[in-house]
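Below is one structure, written out as structure tokens; comments come after it.
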Amino acid sequence: MINVPDDLGNMKYNYLHLENNKLNNLPGNVWGNEHVFLFELDNNNISAISPSISNSKTLTELLISNNSLYEVTPQLLELDIVLFYADGNSLESIPSEIGKATSLQYLRFNNNNNISSIPDEIESLAQLVDFDIRNNAIGALPTTFESLTSLENVFLHNNPICSNGWIDNIASKKIQMDGKIHK
């Protein structure tokens, strides 16, 4: 196991690249760094994001794919986050607090997170452009999904929704099911 020094949280950096290590966690002051715009933490073994991430007021991008996250910390969703990639984790749900992340434009929960539903609060994500939820257990999308007028791409392949006829009711979005684009 690799440990990140506590002093790293006190440094004035804008980008923190700690991907492809064997990290299990980060000290709270690293999550709360008030200068960082981007955390790239892909391919580690991080299971939780500290609530102290709420101190990171400048954070706009969090890449934490292929870790062991079991939940999305609500404090993260209160930030002006634009890009959040949490694919390949251990998530079973998208929290209803997702509606607070109104700056979100790019959202990934794909690759075997075992998410079975999308909360209605997703309708608050008016700036969402790309939503990738492939390889989960999604059987339906909320009826409010059509209100996402900025949404350009939805990636759904390998979900039960791909075989239930739902796609016929959504004509204005580019929906990718089984690798093919449907308009």
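State the Cα centre-to-centre distance between region 98-125 and region 134-165 in whole Å.
With region 98-125 and region 134-165 each reduced to a Cα centre, they are spaced 11 Å.
³J(HN,Hα) across region 120-131 via Karplus (A = 6.51, B = -1.76, C = 1.60, θ = phi - 60°), whole Hz, x for Gly/Pro?
Result, rounded to whole Hz: 4, 4, 4, 4, 6, 8, 4, 9, 4, 9, 10, 10.
Output ³J(HN,Hα) for region 150-162: one whole-Hz value per residue in order, computed from phi by the Karplus curve 6.51 cos²θ - 1.76 cosθ + 1.60 with θ = phi - 60°, and x for Gly and Pro.
My calculation for region 150-162 gives 8, 5, 9, 9, 10, 10, 10, 3, 6, 10, x, 4, 5 Hz in order.
Which log10 I(q)/I(0) values, to two decimals, does the chain give at q = 0.08, 0.14, 0.17, 0.18 Å⁻¹ under the Debye formula with one point per Cα?
-0.26, -0.74, -1.04, -1.14
Evaluate the charge dipole of the chain about its Cα centre and quote only its size in Debye, nearest 20, assuming +1 on the Cβ of each Lys and Arg and -1 on the Cβ of each Asp and Glu. Please report the intermediate quantities before stating the final value.
On the way: 10 positive and 22 negative charges, 65 e Å.
Value, rounded to 20: 320 debye.
Under the rule of at least 5 residues apart or a separate chain, name every residue whose amide H is placed under 5 Å from the amide H of Val72.
Placed amide hydrogens put nothing under 5 Å from Val72.
Can you work out the Karplus-derived ³J(HN,Hα) for every residue in region 29-43? Use 6.51 cos²θ - 1.76 cosθ + 1.60 with θ = phi - 60°, whole Hz, and x for glycine or proline.
6, 6, 4, x, 4, 7, 10, 7, 9, 9, 10, 10, 10, 4, 6
Any read-out appearing in this document is the output of simple, stated calculations on the displayed coordinates, not a laboratory observation. For clarity, every value in this text was computed on a predicted model and none was experimentally measured. Heads up, the Cβs are rebuilt from the backbone with ideal geometry, glycines too, and the neighbour counts pull from every protein chain shown.
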